[in-house]
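The block underneath contains the structure these notes are about, expressed in structure tokens.
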Amino acid sequence: MNLKNLYVKELFLGFGLVIIETLIAVFLGPEISRLEHLFQIVIIFNAYTVLKIWRKKELKLDERENILFLQSGFVSVFIFIVIVVSVFLIQKELSSEFDFSIKYIWGRFLLPCFLLIHAITGYIQLKRDEFFG
Amino acid sequence: MKNKLRVLRAERNISQEELAKMLNVSRQTINAIEREKYDPSLPLGLKIAKLFNKPVEEIFFTEDER
């Protein structure tokens, strides 16, 4: 099942980006410089390119799988927006709790967060299809 | 939309896996079409019709056409 493989790869890519972004945040500090902004854009662009290559060349999703992939994308966008708004609303409470300013770092984890949400949502959708047909 | 894919496949003694390979789609897609959970696109429908050497309307039809 190619779609399942894609979601697994997406999950690993998401976790990989979380690690990379955490390392950048730890070693370069919470403030983002212009150079770091450039690195961020390069990382995001590469992640999308990798996903596109996996989807089109390596895994060759068929028409039904492509539709399922897009459907899980719509659900993920909704969940993603809810999470982003929630984090934005409670950032003051989170900052005082963990002793860091969330406004400097939360932008770093947007892409990995979306990839993880998409992979998990897609996997749940696949399993739901298997059980309820 | 209804279809006779399962019957045609059984007549020719082809497995879902084999048919999926012939049509260049996944086995799950063939299964979904047979269970009428997914309506194939026109190109895939035409491919199926060509493979079984039958007109498309003989394989795929609506409920009221039965």
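Rule-based calculations on the coordinates, nothing more; no lab input. What you see is a predicted model, and the numbers here were worked out from it, not measured in a lab. All Cβ positions, even for glycine, are placed from backbone atoms using ideal geometry, and neighbour counts span all protein chains on display.
Kindly indicate whether A:LEU11 is over 13 Å from the mean Cα position of the chain (by Cα) and either more than 19 Å from B:THR29 (Cα to Cα) or not in a loop (DSSP other than H, G, I, E, B) (or both).
no
Kindly indicate the residue of the range A:6-65 that is among the aromatic types (Phe, Trp, Tyr) and buried (at least 17 other Cβ atoms within 10 Å of the Cβ) and also nearest to A:LEU110 (Cα to Cα) among those meeting that condition.
First pass over the range A:6-65, keeping only residues among the aromatic types (Phe, Trp, Tyr): A:7, A:12, A:15, A:27, A:39, A:45, A:48, A:54.
Still in the running and buried (at least 17 other Cβ atoms within 10 Å of the Cβ): A:7, A:54.
Details: A:TYR7: 18, A:TRP54: 21 Å.
Restricting to residues being among the aromatic types (Phe, Trp, Tyr) and buried (at least 17 other Cβ atoms within 10 Å of the Cβ), the top hit is A:TYR7.
Give the residues of the range B:9-29 that are surrounded by 15 or more Cβ atoms within 10 Å (Cβ to Cβ) and within 12 Å of another protein chain (Cβ to nearest Cβ), sorted by residue number.
Within the range B:9-29, B:ALA20, B:LEU23, B:VAL25, B:SER26, B:ARG27, B:GLN28, B:THR29 qualify.
Hey, can you tell me all the residues within the range A:38-54 that are among the polar types (S, T, N, Q) and either outside any helix (DSSP H, G or I) or touching a residue at least 60 places away in the same chain (Cβ under 8 Å) (or both)?
Looking only at the range A:38-54, we keep the residues that are among the polar types (S, T, N, Q), and these are A:40, A:46, A:49.
The answer is A:GLN40, and nothing else.
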